[in-house]
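As structure tokens, the structure follows; a few thoughts come after it.
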There are 2 protein chains.
Amino acid sequence: MRTLYHFPLCPFSRKVRVVLAEKKLDFDLIVENFWERRRAFSALNPAMQVPVLVEPDNKVLPDSYAICEYLETIYSENRLIGYSEVESANIRRLVSWFDNKFFHEVNKYLIHEKILRYYTRVGAPNSEAIRVAKANIIPHMEYITFLTEENMWLAGERITLADIAAAAQISVADYLGEVPWDSYPAVKDWYALLKSRPSFRKILNDKIPGFAPPKHYAVLDF
Amino acid sequence: MRTLYHFPLCPFSRKVRVVLAEKKLDFDLIVENFWERRRAFSALNPAMQVPVLVEPDNKVLPDSYAICEYLETIYSENRLIGYSEVESANIRRLVSWFDNKFFHEVNKYLIHEKILRYYTRVGAPNSEAIRVAKANIIPHMEYITFLTEENMWLAGERITLADIAAAAQISVADYLGEVPWDSYPAVKDWYALLKSRPSFRKILNDKIPGFAPPKHYAVLDF
């Protein structure tokens, strides 16, 4: 059986889960609390990061970029990284934007301050870091608004890895109550499309101990 | 003609330059001081980031991940992202490691504190941030040592995008005098292989105003 080592509020793990589901691939999930630096996990991935995918033939694939490209090559039905080189380049540019910029400007702060500090008991969240994340999410909401002005999805007329990467990041910030939905109705409309997909509904049902998401979080009509 | 908008000390621009040269593709270079937020550049890439590649047919390709994957698909001679799915996944995992972890743990601090503060005149480098970068580079030097124990190159017996991504990051830290070469002879041996390639020699000749690299920087026998 295919197995994904993940952490429920890791945006990169979420991205891979949605990709696997969109490609109709079955998989088991194992929660890895990566900060515990479990020895058996370090044998799988010395980088000690989730996600790690173990394929049915026991191939071990760490890193969400490597995993998504691998899945797109091997399971080429329901393509998510485009049909032409130009479409692929545009999708990858957007994936990179959300994986890198959104993560480092918004979710890295939120995950570190709100989640890792709680689990590793190193004290209360740094309110300055949270304030930075709250300010940094604004241009990303504006960028998604801009991208959805022309098309229903971020990179054109169908769902791609760009939408999945963006929604994976947004969903983590939303779990932590930090998405300013009311000011960005176009982002809300786009995210509602994601929320209604079976591939996405499963991750919205995940809970982590100690943190309840806001009431609207898993609701389709939010 | 193909044109690359770049900044000489941007590691992602350096990665793309080496890839273009390894694939024997000619290109013109335009230096983009991205922090000036030039309007004509924002039309090319609203994200205001380098590198941006403009292909001879005027296709505009921002983002080094998208550019490298595009070049590998279109110009498939001298492959740099592997010949099998498993090899490709391993190469991409390492590219992601250096593009993301090395950059955010080491070069982001060095570039911000040493270069951007100088050009934007916002004061002296923050010595605490430089200290963090100096500490953070150590595990990366150890990781490259580990990877080169089995093979001459990071992902096997030939040069790949993993080596190019890693060397691009290392070369920027080296320009700024922050690579502790003496403690890591295996990394030095590996980097000497890169330095001796024609594709890499050109970037080592670049200078930016206001900053001279250390004497050993462009020397093959360092």
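The values are calculated or read from the model by the stated rules, or taken from the named source; none is laboratory data. Fair warning: this is a prediction, and the values are worked out from it, not measured in the lab. No Cβ is skipped: glycine too gets one built from the backbone with ideal geometry, and neighbour counts run over all protein chains shown.
Of note:
- Lone unmet requirement of (1) touching a strand residue (DSSP E or B) at 6+ places or on another chain (Cβ under 8 Å); (2) in contact (Cβ under 8 Å) with a residue 60 or more places away in the chain; (3) more than 27 Å from A:Asn151 (Cα to Cα) for A:Glu87: (3)
- Verdict on A:Asn107 being facing chain B (nearest Cβ under 8 Å) and either outside any helix (DSSP H, G or I) or within 17 Å of the chain's Cα centre (by Cα) (or both): no
- Filtered by the rule that a residue be within 18 Å of A:Ile115 (Cβ to Cβ) and among the aromatic types (Phe, Trp, Tyr), the stretch A:200-222 gives A:Phe211, A:Tyr217.
- Every condition in (1) without any contact (Cβ under 8 Å) to a residue 24 or more places away in the chain; (2) surrounded by fewer than 17 Cβ atoms within 10 Å (Cβ to Cβ); (3) within 14 Å of another protein chain (Cβ to nearest Cβ) is met by A:Glu128 except one, and the failing one is (3).
- Pairing residues of the stretch B:202-219 that are farther than 14 Å from B:Ala173 by Cβ with residues that are of a type in the set (Phe, Trp, Tyr), at Cβ distances under 8 Å and at least 6 apart in sequence or on separate chains, gives B:Gly210/B:Tyr118; B:Gly210/B:Tyr119.
- Residues (loosely packed, with under 13 Cβ neighbours inside 10 Å and not hydrophobic (A, V, I, L, M, F, W, C)) located in the stretch A:107-125: A:Thr120, A:Arg121, A:Gly123
- Test result for B:Tyr191, more than 13 Å from chain A (Cβ to nearest Cβ) and either at pLDDT below 95 or under 23 Å from B:Cys68 (Cα atoms) (or both): yes
- Options A:Tyr65, A:Tyr109, A:Tyr70; residue that is of a type in the set (Phe, Trp, Tyr), modelled with pLDDT of 95 or more and farther than 25 Å from A:Pro139 by Cβ: A:Tyr70
- Beta carbons closer than 6 Å, at least 6 apart along the sequence or on distinct chains, pair a first residue in the stretch A:93-117 that is within 16 Å of B:Lys101 (Cα to Cα) with a second that is surrounded by 22 or more Cβ atoms within 10 Å (Cβ to Cβ) and of a type in the set (D, E, K, R) for A:Ser96/B:Asp63.
- Each residue in the stretch A:62-104 was checked for being at positive phi, surrounded by 21 or more Cβ atoms within 10 Å (Cβ to Cβ) and over 15 Å from the mean Cα position of the chain (by Cα), and 0 of them qualify.
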